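Below you'll find the structure, written out as structure tokens, and then a few comments.
The values are calculated or read from the model by the stated rules, or taken from the named source; none is laboratory data. Small disclaimer: the values here were computed from a predicted structure and weren't measured. We place every Cβ from the backbone using ideal geometry, glycine too, and count neighbours over all the protein chains shown. Note: accessible area is taken over every heavy atom of the protein model, side chains too, but ligands, DNA and RNA are not part of it. Shrake-Rupley method; radii C 1.70, N 1.55, O 1.52, S 1.80 Å.
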Amino acid sequence: MQTIKMAAQPVRGVYRTLLAGAGEDFIPRFDILGRVGDPRRAATRRSLFYFTHLSDIHVIDAQTPARMDAIQSVAPDLFTDACRPQDTLTVHVLASMVESITAAQVSSVTGAPLASALSTGDSADNLSQLETRWYIDILDGGEVTPNSGAVDKYEGPQVWAEATYAYHPDDPAGDVYGERGFPVVPGMLEAAVSNPVSSQGLPVPWYAVYGNHDSTFMGTFRPGPNLYAWAIGGRKAATGEALSANLLQGYASDLSAAQMAVNALRQRIGMLPGLKAVTPDPERRMLERTEFMQAHLESPPVPGPVGHGWTQENITRGETWWSADLTPYLRVFGLDTCNLVSGADGAVPEDQFRWLEVQLAQCQAENRLAMVCSHHNSLTLENDAKPVWGGQRLVHAEEFIAMLQKFPVMVAWLNGHTHINTIRAHRTEDGGGFWEITTASCVDFPQQQQLVELVDNRDGTMSIFVNALDHSAPPTWTEGDLSQTGLASLSRELAANAFLANPTLLAGSPLDRNVELLLPTPFDLQKISDEQIEREHMTARARLLAHGGGS
Amino acid sequence: MKPLALILTVAAGGLLLSACSQIDSLTPVGGSAVTSVRNATNDVLVDQQVPILVAPVCAEVDSGFTCTGSTTDGREILTKADGTSPYQLTISIDGEVIFTGTATEVLEAAVLESS
């Protein structure tokens, strides 16, 4: 697989273009095994399951009044994701990622067919109904015009002169990005919001979990009536002053019913400096908690499954977590680790913790391999914010990892959140353990996701191959290319130069990208027969053929 | 009220809903400091073709971070990262220093074409 590098020499200021680098081989990691693996395993291994791991897709409706773009004028380091240069191009990137996944439908390691996709949250950016629908439609397959408000016209900080914190592609000379050599790209915004983006859809069933951006305002704050009203209204803050005097002040006082009425009036008649008129759009409404799950149930049966992990029972019971059998010998658990009170980071609520413990014990008893999906990872599972009325205990990383380690069948914990390719070993004292696999995002550089394959080495060990996957748009953007693919390519280049996001950190190290992660088999894997595996592979191949490709 | 002051007020308002008043919970996303040190260490080890058995695991200490791991022939990998970002790194194997420099330099070099 190719890697993408930044050009050694900036083209303007500190702005660098991108180019294709040399591919990276798989690096074996023995952290859990505790000894070097037998090199003969390459000749004996068989594939158990090949899938793709997505996370932090962050489809963005950049024009919604409910975004805090202007916070970057006063506190750029507090919310580095409030107004990215590439915000209008997220649907284009996701469609390119779908293309890339489709092209990788046969494993480069074993030739096994791609069988599933697991998405670990932050699929939408800001609770938006539109963002949620767009991301689902791109993954299911279809056409999306990523626009809201005025038809064929971008309305937002990227064209407002006073919004010097934002990148203005038509003329960046007066903004903080122009100072750093960002390019003049006439027509970028219009092309981004006017032209439909088409997607063939994922060729495999896909599953999703909640991320903090699917749960709270800006991934951090609990939403309230004032925010709901702002989202569908006709005023958007261009400056920090307007943001604080309107949207945030209303938010801070949402608890008072009288204040809510004042806020509503303020929205109708108020027009402070820095507050801009935009075309209101009821489609921009922010989703209530269970509506996010409901949106996933409004999906076609192919690629499926309808609900993408959630069922009607989840909605009825208000349970935002699920389990699914990817094959008869592999079960995956989708958790909701988001904190609805405050903060971007998360924890495992005790009810899910207890449920998962029972489920894993059952997998252990049945010799069934298991994986866990959550949005938050082990570095970001420490949020203890609870409502004043109490709430259940929140389990943090150390206790959660210790529980997972009790079950040798639990081989992988897939997650995201930090937008950094990171792979950690959680080894037990007796030489077992599991691998934690964190992927980069679709929105920030390097805009990579992962291909993952569970392999039986037939020597008492198994391997998990992880391959960092670039989206299909060319590494080097061709000046003036505003096609769907061109905009995805431009998005990656802008992201590589988006200094607030610390792009040099996000690709991870070579030990986090293309790797073979070894671990002892949790039981005699010969109990999974070749015939059983081949049957699963045949089903997967038939699905791929029906999608229009296949091996 | 100044915009930043109001933003912080809003943040505090969010905490009124919280019984724990955990200021850290308002940090947008955690873990970037330790990850900088860890990734830079790994970049150096792979670049110098060090045979790794256990990749270094980093922990916060008073002076910054310390990361420890081992090679396939049983030698100890040790990274000491002093100060704050950009973190001055000293990476050694069984006491022999193989790298000194900042984490930021390493991370930047790793993403450039010439690296």
> Between residue A:389 and residue B:48, how many nm apart are label points set 7 Å from Cα along the C-beta direction?
Replying inline: 5.8 nm
>> Given a Förster distance of 22 Å, report the FRET efficiency between residue A:279 and residue A:312 from their Cβ-Cβ distance, rounded to the nearest 0.05.
In response: 0.05
>> Probe radius 1.4 Å, ligands and nucleic acids left out: which of A:422, A:17 has the largest accessible area, and how do the rest follow?
In response: A:17, A:422
> For the protein assembly as shown, what is the accessible area per residue in Å² when the probe is 1.4 Å?
Replying inline: 35 Å²
> What is the set of long-range amide H partners of residue B:99 at a cut-off below 5 Å, with H atoms built 1.01 Å from backbone N?
Replying inline: B:91
> Using a Förster distance of 45 Å, how high is the FRET efficiency between residue A:171 and residue B:97, based on the Cβ-Cβ distance and rounded to 0.05?
Replying inline: 0.35
> Using a Förster distance of 30 Å, how high is the FRET efficiency between residue A:24 and residue B:71, based on the Cβ-Cβ distance and rounded to 0.05?
Replying inline: 0.90
> Using 7 Å Cα-to-Cβ label points, what is the residue A:179/residue A:12 separation (nm, one decimal)?
Replying inline: 1.6 nm
> In Å², nearest 100, what accessible area do chains B and A bury in total when the solvent probe is 1.4 Å?
Replying inline: 4000 Å²
> Near residue B:65, within a Cβ-to-Cβ distance under 13 Å, what is the net charge of the other residues, with Lys and Arg +1 and Asp and Glu -1?
Replying inline: -1
> In degrees, nearest 10, range 0 to 90: what is the angle between the Cα axis of helix A:90-103 and the longest Cα principal axis of chain A?
Replying inline: 20 degrees
>> On a 1.4 Å probe surface of the protein chains, which of A:400, A:499 comes out largest in accessible area, and what is the full order?
In response: A:499, A:400
>> Nearest 500 deg cm²/dmol is fine: what mean residue ellipticity at 222 nm does chain A get from its DSSP H runs of n ≥ 4 alone, each adding -39,500 (n - 2.57), divided by its residue count?
In response: -7000 deg cm²/dmol
>> Can you compute the label reach from residue A:481? Point 7 Å from Cα along the Cβ direction, backbone N cut-off under 16 Å, restricted to region A:9-31.
In response: A:17-21
> Mind checking the angle between helix A:530-547 and chain A's longest principal axis? C-alpha axes, 0 to 90 degrees, to the nearest 10.
Replying inline: 30 degrees
>> Test of understanding: what is the full-extension gain from residue A:143 to residue A:110, defined as 0.36 nm times their sequence separation minus their Cα-Cα distance?
In response: 8.5 nm
> What are the ³J(HN,Hα) values, in whole Hz, obtained from phi via the Karplus relation 6.51 cos²θ - 1.76 cosθ + 1.60 with θ = phi - 60°, for each residue of region A:433-445 in sequence order, with x given for Gly and Pro?
Replying inline: x, 9, 9, 9, 10, 10, 9, 5, 10, 8, 9, 9, 4
> If you plug each phi of region A:203-213 into the Karplus form 6.51 cos²θ - 1.76 cosθ + 1.60 with θ = phi - 60°, what whole-Hz ³J(HN,Hα) values come out, in order, with x for Gly and Pro?
Replying inline: x, 9, x, 10, 10, 9, 10, 6, x, 5, 7
> Considering the alpha-carbon set of region A:78-186 alone, what are its Rg and its Dmax in angstrom?
Replying inline: 17.6, 55
> Placing +1 at every Lys and Arg Cβ and -1 at every Asp and Glu Cβ, with all other atoms neutral, what dipole size does region A:415-551 have around its Cα centre, in debye to the nearest 20?
Replying inline: 220 debye
>> At 0.36 nm per residue, and after removing the present C-alpha to C-alpha distance, how many nm does the segment from residue A:357 to residue A:532 gain when stretched out fully?
In response: 60.3 nm
> Which value does Rg/Rh take for chain A over its C-alpha atoms, Rh per Kirkwood?
Replying inline: 0.97
> Any residues in region A:482-521 that have 50 Å² or more less accessible area with all protein chains than in their chain alone, probe 1.4 Å, and which are they?
Replying inline: A:504, A:505, A:511
> Counting alpha carbon pairs within less than 8 Å and at least 6 residues apart, what relative contact order, in whole percent, applies to chain A?
Replying inline: 22 percent
> Roughly how many Å is it from the Cα centre of region A:399-416 to that of region A:163-242, as a whole number?
Replying inline: 35 Å
> Of A:228, B:87, which has the most accessible area with a 1.4 Å probe, and how do the rest follow in descending order?
Replying inline: A:228, B:87
>> Accessible area of the protein assembly as shown with a 1.4 Å probe: how many percent of it is carbon plus sulfur?
In response: 53 percent
> Once amide H atoms are built 1.01 Å from N in the peptide plane, which residues 5 or more positions from residue B:53, or in another chain, come under 5 Å H to H?
Replying inline: B:70, B:71, B:72
> How much of the DSSP beta bridge set in the protein assembly as shown is antiparallel, as a percent to the nearest 5?
Replying inline: 75 percent
> Using θ = phi - 60° and the Karplus form 6.51 cos²θ - 1.76 cosθ + 1.60, what ³J(HN,Hα) does each residue of region A:115-122 get, whole Hz, x for Gly and Pro?
Replying inline: 10, 6, 9, 10, 10, 9, x, 6
>> Need the per-residue list for region A:355-397: every residue with at least 40 Å² less accessible surface in the complex of protein chains than in the chain by itself, probe 1.4 Å, sorted by number.
In response: A:379, A:388
